[in-house]
Every structure is written in structure tokens, then in C-alpha cells.
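Notes for the one structure printed next.
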Amino acid sequence: MASKSGKKQIFNVVVVGQNGRLGYEAVLFAASLRHHSPDFEGKLLVAEPQPGRLWPNDPRMKPDVREALEGLDHSL
């Protein structure tokens, strides 16, 4: 939503990426944002859960998924 003063408002977007489907969806979201909003001035932040006692398996994204996100030149 544009402000009444007509100034462009810059904002950041946060998505969750982890091992499995959410990692691929993060890549799809990042690619879509890059394609449809090439002038987006905010940051796309990908939140990634880290291993811990509550996770039965490592929840981090696989290296190829992480590389795909980094290739889109978005902050992790």
C-alpha cells in the first residue's frame, strides 16, 4: 500500500526454508519475486531451522537448494 505522501515504502519479506518441500518452495518464491518484481528494494530473508534436540532429523536445506537461493542473489 502506498503512503499518502507518495513515497515508495521499502519492506523486507521473510520465508521459511528447510529440508524437503519448504526448501523448494523458498527457491520458487525467490525466483518468482526476482522475475515479477525486479526492482524490489527490500530484502528476502530465508529463515532456516537449525539442528537441535527437538528435531529428529537435520532440518537444514540441502546444499543444492541453498546454492539455488544464493544464485538468485538474495540474503540468507
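State the number of residues belonging to region 15-39 that are more than 9 Å from the chain's Cα centre (by Cα) and part of a loop (DSSP other than H, G, I, E, B).
Count: 6.
His74 fails exactly one of the following numbered conditions: (1) closer than 12 Å to Gly17 by Cβ; (2) modelled with pLDDT of 95 or more; (3) not polar (S, T, N, Q). What is the number of that condition?
Failed condition: (2).
Just the residues that are surrounded by 10 or more Cβ atoms within 10 Å (Cβ to Cβ) and farther than 27 Å from Phe11 by Cα, please, taken from region 35-63. First the steps, then the outcome.
Going residue by residue through region 35-63, those that are surrounded by 10 or more Cβ atoms within 10 Å (Cβ to Cβ) are 37, 40-49, 51, 55, 58-62.
Those that are surrounded by 10 or more Cβ atoms within 10 Å (Cβ to Cβ) and farther than 27 Å from Phe11 by Cα: Pro51, Trp55, Asp58, Pro59, Lys62.
Regarding Phe29, is this residue surrounded by 15 or more Cβ atoms within 10 Å (Cβ to Cβ) and either over 14 Å from Val65 (Cβ atoms) or at pLDDT 95 or above (or both)? Steps first, answer last, please.
Working: surrounded by 15 or more Cβ atoms within 10 Å (Cβ to Cβ): yes; either over 14 Å from Val65 (Cβ atoms) or at pLDDT 95 or above (or both): yes.
Judged against the criteria, Phe29 is a match.
Identify the single condition in (1) in contact with a strand residue (DSSP E or B) (Cβ under 8 Å, 6 or more places away or on another chain); (2) under 16 Å from Leu72 (Cα atoms); (3) not in a loop (DSSP other than H, G, I, E, B) that Gly42 does not satisfy, given that it satisfies every other one.
It is condition (3) that Gly42 fails.
Is there a residue in region 53-63 that is closer than 22 Å to Asp73 by Cβ and among the hydrophobic types (A, V, I, L, M, F, W, C)?
yes
The values are calculated or read from the model by the stated rules, or taken from the named source; none is laboratory data. Since the model is a prediction, treat every value here as computed from it, not as a measurement. Neighbour counts run over all protein chains shown; Cβ positions are idealised from the backbone, glycine included.
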